[in-house]
Structure formats: C-alpha cells, structure tokens
Protein chains: 2
Amino acid sequence: MTTIYYHPMSFPALAPIFGAEAMGIKYDKKVVDLMNGEQKSKDYLAINPYGKVPAMVDDEFNMSEGSAILRYLARRENSPLYAGDAKAQAKIDQWMDFIVQHIRVNVARVQFNRVLAPMVGRESDQSSVDLGLEFLAQNLPQVEAQLSETNFLCGDDMTLADIVLLASMEPSDMAGLDLSPYPTLQAWLTSIREEPFYTNVHSHFGAELGL
Amino acid sequence: MTTIYYHPMSFPALAPIFGAEAMGIKYDKKVVDLMNGEQKSKDYLAINPYGKVPAMVDDEFNMSEGSAILRYLARRENSPLYAGDAKAQAKIDQWMDFIVQHIRVNVARVQFNRVLAPMVGRESDQSSVDLGLEFLAQNLPQVEAQLSETNFLCGDDMTLADIVLLASMEPSDMAGLDLSPYPTLQAWLTSIREEPFYTNVHSHFGAELGL
C-alpha cells in the first residue's frame, strides 16, 4: 500500500499527489495537521524524521522530498511521465530542478508572507515578497517561452516537470501573483486544471479548507 | 566532448565538476565571468538561455541545473554514484533534494550576504543571514545524524548525494559558518577533501581566485 502524507496548503506536497493521480496509482492520502504541529509528533517523525511534508510510505519503505517521490513512483510504474533516453530524462530533470529552485521557492516567498504569515500570526517580511517577485519576473519568462514552443515543458507530452510546475503555481491566485505577462502559462494552467488527475484532488488550491 | 561551464565562486556549479572528476570523465571546464556579466552575453545565452551556471554541453546537447547534469553524466557513464534498485536511487534522489533545498539554499543566504554582496557593492541583508542560520540549525542535525550512522549519506559508498553535500558546504569557512555542533560532518568534509576528485579541482574553495 502506498500512502502519501501532505497538507492541502503545502503546495510542494501536492506534486506527488498530482503525480500519483496522473499515473493512476492506487494510494491513500493522509493530512498532517501542520497548523497544530503534528509534523513534529513522535508518530509522524517515525514516518519522516525530517518533520516535513510530503512523505511517502510504500509498504515498509519510507521516503520524503516531493521530486524524489515523483521519480520513485514513476520508476516503479514505468511511467511515460519520466521516460525516454538519457537526454530526454535529463531535460525532465533540468526542468524539475529549474521549477523548484527558481519558481517554487519564489512563489513560496510571496505566498508565505502574503497569506500564511498573517494566518499563523507571524510578521510578514516585505523584502522577502519583493525578492520573490523580482526572481519570478526573471524566471517566469523562461517558462512562458518554453510553453510557447511546446505543449508541455519537455515537448508534446506531459512529464513530471509539468506536475512540478502545476504544483508550484497552485497558490498564484491566493498570493495575488499577476500572471498577465504570461498568457501561455495562464492558458496552460487553465487547461491542465481541467484534467481528471487535478479535479480528482480538488477544484482549486485551498478548496479543502473552504478557501 | 563534454564541457562544463562554471565559476569558482558559484558553489552549486562545483557539484557537476566534482562529479565529473569522481566519475573519471574526460571533460573541459570553462569559467563564465559572472563578475562582468558574461552569463548574459549572446554567446553564453546560446549555451544556456537561462543565463546561469552551471551548464553543460555534450557534443550537440546543451543542458543546465547542477543536479540534472550530475544525473545525466552518471546515467551516461553507468556510474555507481547513481546506481542500485528503485529504492536505492530514491534515497539518493531524496538526499540530493534535501541538501539543495534545505542546506544549500541557506548556505547561499549566508554566503551571499556576508561575502558576495560586499564584493559586488550590494547591501547585505542581515535578516536573510539570520533566516539562513535558523534553517541550517534545523537541518544540519539531520545530516549529522545520517553521517553518524553511515559513512556516506546513502550508506557505505559515496553517491551523487555526497557530491551535492560537498559542493553545498564549500563556502562554510569563507562564510564563517560554525560547524562545531556537527563533528561528524566536519570530519567527513576533511576526509572527502583529501580525495583526488577534490584536490584535482582546487586545494580549497576560492583558491582559484587567491582567496
């Protein structure tokens, strides 16, 4: 049995959920109550000693880190989402890392300070928001350019890189990100959010919490 | 011919260099003059349209992102640094991502503001230093605990995860990081820096610049 531990507000944790759905994997998903510190509970630390989501348990095998879980599941399932020769896999890896390091981390800066910090009573750091927006303005044009050339990040077919991009962009509305300079990305998001692997999870980011 | 583009002060870019050395690959390395904006030059953008280091050209094939380059080279060489069954590879992936996202990014916060910002005449951001140190204090104990259990991050043998950890810790002296709470990590760093794949590159971080 495969169980994925997540929280609906942790958008990095949505990547393995979307991935499992897209691969048609039978799995359980369990919410870890981050708001009440369940990620630091003894029971959860036995599952993931790093005290973070996502984590995955596959029978006796425990692991963490969203992109690593995606790669593991894709290898186990021999999924077309992470297939092809060494060069094709290299481009999937490249985009997965580009999205995590240059897009997701900056969406997180904006989302954390504009949305989560006020929710949990922490002070918002405007300089962190500004830095996130500055880096997004540098890096989102690369995504826009690629999606203007090919239907998905690595060509005509969806790969793990697209799953990571989708999860990374989940809070864009909630965080008030202006995506109007990126019409191809906007259209891509609208279209991919109509796919069953997305609608099986939720209608929109935060829906599970009534947001 | 394999060419890796880097800069000696970009410690993320050292990961594929160390990896190529450890795999015994014949390669060229070329410095991109980041201080004078060469990364945004027309010639370099033809190599890496994202204008960053590292990048790699393997005959006609161009790619970027250090961990992705490491995976590509290891697959091409069928290297034991990224081998084993799906679960063994999953643990290598997990540690590579953990190091990049929870260690390297925070070393970079400290290094940038304490060392690089003054060098390039930018203002240092103390709150970013503090945040980096706070996250390192949370996450380095995980690395210390793992290296206290096994010789390398994923067991008795070195893997790509160790290469990423080594590169990520390169600026620890220069950035004034206190590693005394992590004696196993310190001993591991001392030992791994005596390996030929390291000494072939430099005697210490910054040596190429006389630092």
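Things to note:
- Nearest-20 debye value, chain B charge dipole, Cβ charges on Lys, Arg, Asp, Glu: 400
- Whole-number D in µm² s⁻¹ for the protein assembly as shown, Kirkwood Cα-pair radius fed into Stokes-Einstein, 37 °C, 0.692 mPa s: 149
- Burial of 50 Å² or greater, segment A:28-77 residues [accessible area, probe 1.4 Å, versus chain by itself]: A:Tyr50, A:Lys52, A:Phe61, A:Glu65, A:Tyr72, A:Arg75
- Cα point-scatterer Debye curve for segment A:8-66, base-10 log of I(q)/I(0) at q = 0.28, 0.29 Å⁻¹: -1.33, -1.38
- Remark: accessible surface ordering of B:Lys42, A:Lys52, B:Lys87 (largest first) is B:Lys42, B:Lys87, A:Lys52, probe radius 1.4 Å.
- Electrostatic dipole magnitude of the protein assembly as shown [Cβ: Lys, Arg +1; Asp, Glu -1; Cα centre; debye, to 20]: 120
- If you wrap segment A:27-130 in the convex hull of its Cα atoms and look at it from every side, the mean projected area works out to 8.5 nm².
- List A:Asp125, B:Asp97, ordered by accessible area with a 1.4 Å probe, largest first: A:Asp125, B:Asp97
- Interface B:A - total buried accessible surface [probe 1.4 Å, Å², rounded to 100]: 3100
- Every Cα-Cα pair of segment A:84-199 was included, and the share exceeding 23 Å stands at 31 percent.
- 3J(HN,Hα) from dihedral phi, segment A:175-192, Karplus parametrisation 6.51/-1.76/1.60, rounded to Hz, x for glycine, proline: 8, x, 6, 8, 9, 4, x, 10, x, 5, 4, 4, 5, 4, 5, 4, 5, 5
- Accessible-area composition of segment A:23-132, carbon plus sulfur, in percent [1.4 Å probe]: 49
- Dipole of chain B [Lys/Arg +1, Asp/Glu -1 at C-beta], most positive-end residue of B:Asn151, B:Thr3, B:Gln186: B:Thr3
- Accessible area per residue was computed with a 1.4 Å probe on protein heavy atoms; B:Leu116 scores about 40 Å².
- Alpha carbon Rg of chain B, scaled by the compact-globule rule 2.2 N^0.38 Å: 1.00
- Share antiparallel - DSSP beta bridges, the protein assembly as shown, percent rounded to 5: 65
- Accessible surface ranking that places the most exposed of A:Arg104, B:Arg193, A:Arg71, A:Arg114 first, with a 1.4 angstrom probe: A:Arg114, B:Arg193, A:Arg104, A:Arg71
- Compared with its chain on its own, segment A:92-114 contains the following residues whose accessible area drops by 30 Å² or more in the full protein assembly (probe 1.4 Å; ligands, DNA and RNA excluded): A:Asp93, A:Gln94, A:Asp97, A:Phe98, A:Gln101, A:His102, A:Arg109.
- For segment A:2-81, accessible area per residue (1.4 Å probe, heavy atoms of protein chains only), Å²: 39
The values are calculated or read from the model by the stated rules, or taken from the named source; none is laboratory data. In this text, all values refer to a predicted model and were calculated from it rather than measured experimentally. A quick note on method: Cβ atoms are made from the backbone with ideal geometry, for glycine too, and the neighbour counts reach across all protein chains shown. To get the accessible areas, we keep the full protein, side chains included, count just its heavy atoms, and leave off ligands, DNA and RNA. Shrake-Rupley method; radii C 1.70, N 1.55, O 1.52, S 1.80 Å.
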